[in-house]
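Engineer: Sharing a structure, written as structure tokens. Questions coming.
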Amino acid sequence: MPHPSPPGKWDARYLGPVPHNAAYYLKCMLGGVLACGITHVGMTPLDVAKCNMQVDPKKYTGTISGLRLIVAEEGAKGIWKGFGPTFVGYSLQGMFKYGLYEVFKDLYMNLAGEEATEKYKPAIWLAGSASAEFFADIALCPLEMTKVKVQTSPSGTFPVPFGAALREMRATAVETRFPFGSLVPLWSRQIPYTMAKFFFFEKIVQLFYTHVFTESKSTYSKPTQLGVTFASGYLAGVVSAIVSHPADSLVSQLGKPSNKGKSLATIVGEVGFGTLATKGLGTRVVMIGTLTGFQWWIYDSFKTAMGMGTTGGK
């Protein structure tokens, strides 16, 4: 049951099973750390294959063949390159993405008021997720740049260990545009991705509880609710992957030594938008669909364990 609002005033922070206070938002941030850090690290081999397919499609023609080629050239450890910056970067990103989404969603709902919130809830989901991702990407950017450089540099040309790679990125900051050289393309990839990820997740959850599980959400078991969470997250991830793929390819291209100093427009012109939009897309759809499904499942499992309830509903 929703927690009662203060008398005489509608307040979005009191609509859920527990009040949305500072402790609630901090727990959501921790849930975001777990959701994004764990899942992105688990997907590192697919990420290595995808980045190399985007940067050198003639050499790396497919996911499985690409992974085999990397293992043949660099050993099994080659497919785990970038493990360190992936874990730290996406843990920080998840902290702000999920935690600030809850903050901004409540803020915008209260600014809009009860009537407008009910009428324009999808717009609030979009605005809340975009606002959260803006800050999440600032935290992620230096580590994402390091990860891409580690994963796409030919063997022996760039340090692989996390600390050494960060030091090299700082030492070559003029060339690599470290730490925020990829921030604009990262925003252009991540903000549409996150808007799609949160909007479609919230919408699909709403549809499940409107048309499939038609009783009150609280009457269904936690495993059922978490099953809805995973299915909704997976479907939202597929849509998100398609929306954000061209910008994801562009971020990978920026890490390529031959593109050093080139403008974004020049790279797009040389590579072609069609290639940016399609190369590695199949791998990314599988990767992001699975990733997003498990992210939402981990996040909502953590919220459930904390007595905070699952995300979304009618």
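The values are calculated or read from the model by the stated rules, or taken from the named source; none is laboratory data. Quantities reported herein were computed from a predicted structural model and do not represent experimental measurements. Every residue, glycine as well, gets a Cβ built from its backbone with ideal geometry; the counts of neighbours run over all protein chains shown. The protein model used for the area step is the full one, side chains on, heavy atoms only, and it has no ligands, DNA or RNA in it. Shrake-Rupley method; radii C 1.70, N 1.55, O 1.52, S 1.80 Å.
Engineer: Whether any residue in segment 262-273 is open to solvent by 40 Å² or more (accessible area, probe 1.4 Å), touching a residue at least 60 places away in the same chain (Cβ under 8 Å) and in contact with a helix residue (DSSP H, G or I) (Cβ under 6 Å, 6 or more places away or on another chain) is what I want to check.
Structural biologist: No, segment 262-273 contains no residue that is open to solvent by 40 Å² or more (accessible area, probe 1.4 Å), touching a residue at least 60 places away in the same chain (Cβ under 8 Å) and in contact with a helix residue (DSSP H, G or I) (Cβ under 6 Å, 6 or more places away or on another chain).
Engineer: Can you work out which of the residues in segment 161-176 that are open to solvent by 90 Å² or more (accessible area, probe 1.4 Å) and at pLDDT below 90 is nearest to Val251 (Cα to Cα)? Even if it seems obvious, please write down each step before you answer.
Structural biologist: Taking segment 161-176 first, the residues open to solvent by 90 Å² or more (accessible area, probe 1.4 Å) are 167, 170, 174-175.
Okay, now just the ones that are also at pLDDT below 90, so 174-175.
Details: Val174: 17, Glu175: 15 Å.
By that ranking, first place goes to Glu175.
Engineer: Here's something else I'd like to know. Can you tell me which residue is most open to solvent (accessible area, probe 1.4 Å) among those in segment 93-128 that are touching a residue at least 60 places away in the same chain (Cβ under 8 Å) and acidic (Asp, Glu)?
Structural biologist: Only one residue fits best here, namely Glu114.
Engineer: Restricting to segment 251-261, name every residue that is open to solvent by less than 20 Å² (accessible area, probe 1.4 Å) and of a type in the set (A, V, I, L, M, F, W, C).
Structural biologist: Val251
Engineer: For segment 67-77, state whether one or more residues are of a type in the set (D, E, K, R), over 23 Å from the mean Cα position of the chain (by Cα) and under 22 Å from Leu250 (Cα atoms). Steps first, answer last, please.
Structural biologist: Initial filter on segment 67-77 (of a type in the set (D, E, K, R)): 68, 73-74, 77.
After this cut, where a residue has to be over 23 Å from the mean Cα position of the chain (by Cα) as well, the list is 68, 73-74, 77.
When the remaining residues are screened for being under 22 Å from Leu250 (Cα atoms), the result is none.
Checked segment 67-77: no residue is of a type in the set (D, E, K, R), over 23 Å from the mean Cα position of the chain (by Cα) and under 22 Å from Leu250 (Cα atoms).
Engineer: Now for a different question. Those residues that are more than 20 Å from Glu144 (Cβ to Cβ) and either at pLDDT 80 or above or touching a strand residue (DSSP E or B) at 6+ places or on another chain (Cβ under 6 Å) (or both), I need them from segment 249-284; list them, please.
Structural biologist: Ala265, Thr266, Gly269, Gly272, Gly282
Engineer: So for segment 286-297 (the condition being surrounded by 19 or more Cβ atoms within 10 Å (Cβ to Cβ), at pLDDT 85 or above, under 30 Å from Glu118 (Cβ atoms) and over 13 Å from the mean Cα position of the chain (by Cα)), does at least one residue qualify?
Structural biologist: Scanning segment 286-297 turns up at least one residue that is surrounded by 19 or more Cβ atoms within 10 Å (Cβ to Cβ), at pLDDT 85 or above, under 30 Å from Glu118 (Cβ atoms) and over 13 Å from the mean Cα position of the chain (by Cα).
Engineer: Name the single residue, out of those in segment 194-242 being charged (D, E, K, R) and open to solvent by less than 30 Å² (accessible area, probe 1.4 Å), that is modelled with the highest pLDDT. Don't jump to the end; show me each part of the working.
Structural biologist: Filtering segment 194-242 down to residues charged (D, E, K, R) leaves 197, 202-203, 215, 217, 222.
Those left that are additionally open to solvent by less than 30 Å² (accessible area, probe 1.4 Å): 197, 202.
Values: Lys197: 91, Glu202: 96.
Within segment 194-242, the match that is modelled with the highest pLDDT is Glu202.
Engineer: Return yes or no: is Pro179 open to solvent by less than 40 Å² (accessible area, probe 1.4 Å) and either in contact (Cβ under 8 Å) with a residue 24 or more places away in the chain or of a type in the set (A, V, I, L, M, F, W, C) (or both)? Walk me through it before giving the result.
Structural biologist: Numbers: open to solvent by less than 40 Å² (accessible area, probe 1.4 Å): no; either in contact (Cβ under 8 Å) with a residue 24 or more places away in the chain or of a type in the set (A, V, I, L, M, F, W, C) (or both): yes.
The answer is no for Pro179.
Engineer: From the list Thr146, Thr157, which residue is assigned to a helix (DSSP H, G or I), under 30 Å from Lys58 (Cα atoms) and not acidic (Asp, Glu)? Walk me through it before giving the result.
Structural biologist: Values: Thr157 fails: assigned to a helix (DSSP H, G or I).
Result: Thr146 is the single residue among Thr146, Thr157 that is assigned to a helix (DSSP H, G or I), under 30 Å from Lys58 (Cα atoms) and not acidic (Asp, Glu).
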